[in-house]
Amino acid sequence: MTNKKSIYYFLKKLNTITGYKELARELTLNLLEICDAYVCWICLINFETGKVDVKRFQYAEDAINNIELHTETEKINTIATDFLTNNYDTEDIMEYFESISNSDKIIEPIIYRDNLLGYIGLIGKSMDFNEEYGDIAGIVAENVNSRLEIISLNEENEKAMRERVEFLASISHEFKTPLNSIIGFSAVLREKCKEKENVKYIDNISKSSKFLLSLIQDVLDLARSRANPMELKCEYFRPKEVIKDIIWGFDEVRKEKNIEFSYTLSDIIISADLRRFKQLIYNLISNAIKFNKINGKITIVTYLNEKQEFVFEIKDTGDGISKKDCAKIFNFFSQVNRNQLKRQQGSGVGLALCKTIARAHGGDLNFKSRLSYGSTFWFSIPQNQ
């Protein structure tokens, strides 16, 4: 007697499968057991190439050494594969499937986007096997058809994402070359320029170019992280020294807005990807300055919490974030209307990238904010892994 609960759990599991080979493995293993068959197999054709993409056979323990059964299974599969890969008329293939799908055999076609993509085969242990388990195999085949649609869409999305990343990588390289020239020549001009007013303009050119260069890199990093998991190269270092160096690098910008910095940094050693860690700190401090008020204040604290997580917390007295904007603050290319003063707006990349970096380390990035009263951002990086 068929176990309805087993069928339910199998179909539920089928809806979580994300790849063709995983689908073939789970289907043959589970359907063999549910139908109490000698053998269950699946064959899938790549519709673009017309060749066999996935093929998997699963035999019951008492049928592994049955040479006659192996011969019969291979014969059916050879004829079916020949039909599928040589552009035979669909009606002829379906007629062949129906002709052998009787008594102890079940052959269920797999239909994908109205195309015959393959089939599921079963050989049972009794002559009424088809009558007893045919409906179950049909239900499973329908679920496989639906799952293939989702798997295919996911693969198409991943392919499109990879193509976007490759495109971004290509144009970022094209952008970086002239930007590096602008930065380099700005430095040369600054050394030769004697007039203070002109030095100011040159510095603005250099700063804008460096900002654009870092933005291009952030966009590329974020796009890559969406296409593939972010790869980390963790090492041990003192975050106190790293953070102090980055704070010092913002000294000129801080002075322009007369922003007061205060910080309490724990003198500890942590493990993290140093380059990514610097990106985190740089982007959070940059935002705190950018969206702060004239004569504002920034407070930074680092510590190791009770969960053995390194925590970096930065608080500003800036514009703050409205409740309606809080939900989209970490979205890619999402910009929030900080206030009505129209101060410099962000690109919408930095925070999304910071969130990705923190999560890649096994931690997270969070915030709390009140409009017109400032924001507090903090991230954690586990140290007990």
Could you please find all residues in region 314-329 being surrounded by fewer than 18 Cβ atoms within 10 Å (Cβ to Cβ) and either under 22 Å from residue 246 (Cβ atoms) or of a type in the set (A, V, I, L, M) (or both)? 327
Going by the conditions given, is residue 55 over 26 Å from residue 128 (Cα atoms) and assigned to a strand (DSSP E or B)? yes
List the number of the failed condition for residue 338; all other conditions in (1) within 25 Å of residue 275 (Cα to Cα); (2) of a type outside the set (Asp, Glu); (3) at pLDDT below 90 hold. (1)
When only residues in region 349-365 that are surrounded by fewer than 18 Cβ atoms within 10 Å (Cβ to Cβ) and in contact with a Lys or Arg (Cβ under 9 Å, 6 or more places away or on another chain) count, which is modelled with the highest pLDDT? 364
Residue 242 being outside any loop (DSSP other than H, G, I, E, B) and either within 22 Å of the chain's Cα centre (by Cα) or of a type in the set (Lys, Arg) (or both): no
Residue 156 being touching a strand residue (DSSP E or B) at 6+ places or on another chain (Cβ under 8 Å), over 30 Å from residue 269 (Cβ atoms), without any contact (Cβ under 8 Å) to a residue 60 or more places away in the chain and of a type outside the set (Ser, Thr, Tyr): no
Sole residue being at negative phi and assigned to a strand (DSSP E or B), chosen from 120, 93: 120
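Go through region 267-289 residue by residue and tally those that are of a type outside the set (Asp, Glu) and part of a loop (DSSP other than H, G, I, E, B).
2
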Out of the residues in region 1-10 that are touching a residue at least 24 places away in the same chain (Cβ under 8 Å) and part of a loop (DSSP other than H, G, I, E, B), state the one that is surrounded by the fewest Cβ atoms within 10 Å (Cβ to Cβ). 3
Can we say residue 157 is part of a helix (DSSP H, G or I) and under 18 Å from the mean Cα position of the chain (by Cα)? yes
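Taking the condition in contact with a strand residue (DSSP E or B) (Cβ under 8 Å, 6 or more places away or on another chain), under 20 Å from residue 23 (Cα atoms) and not aliphatic (A, V, I, L, M), does residue 105 pass?
Details: in contact with a strand residue (DSSP E or B) (Cβ under 8 Å, 6 or more places away or on another chain): yes; under 20 Å from residue 23 (Cα atoms): no; not aliphatic (A, V, I, L, M): yes.
Here the answer is no, as residue 105 does not meet what is asked.
Condition check: farther than 20 Å from residue 17 by Cα, surrounded by fewer than 20 Cβ atoms within 10 Å (Cβ to Cβ) and either modelled with pLDDT of 90 or more or not assigned by TED's automatic domain parsing to the domain that holds residue 31 (or both). Does residue 114 satisfy that?
No: the conditions fail for residue 114.
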In region 14-36, how many are in contact (Cβ under 8 Å) with a residue 60 or more places away in the chain and touching a Lys or Arg at 6+ places or on another chain (Cβ under 7 Å)? 5
Restricting attention to region 159-196, which residues are under 30 Å from residue 13 (Cα atoms) and either modelled with pLDDT of 75 or more or in the same structural domain as residue 113 (by TED's automatic domain parsing) (or both)? 159, 160
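Here's the yes/no breakdown for (1) crowded, with 18+ Cβ neighbours inside 10 Å; (2) over 14 Å from residue 144 (Cβ atoms); (3) of a type in the set (A, V, I, L, M):
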position: 19; (1), (2), (3): no, no, no
position: 28; (1), (2), (3): yes, no, no
position: 31; (1), (2), (3): yes, no, yes
position: 60; (1), (2), (3): no, yes, yes
position: 65; (1), (2), (3): no, yes, no
position: 80; (1), (2), (3): yes, yes, yes
position: 87; (1), (2), (3): no, yes, no
position: 91; (1), (2), (3): no, yes, no
position: 118; (1), (2), (3): yes, no, no
With the requirement that a residue be over 20 Å from residue 85 (Cβ atoms), in a helix (DSSP H, G or I) and either among the small types (Gly, Ala, Ser) or more than 30 Å from the chain's Cα centre (by Cα) (or both), what does region 11-52 give you? 31, 32, 33, 34
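The values are calculated or read from the model by the stated rules, or taken from the named source; none is laboratory data. These numbers were taken from a predicted model, which means no experiment stands behind them. In this analysis, Cβ positions are derived from the backbone assuming ideal geometry, glycine residues included, and neighbour counts consider all displayed protein chains.
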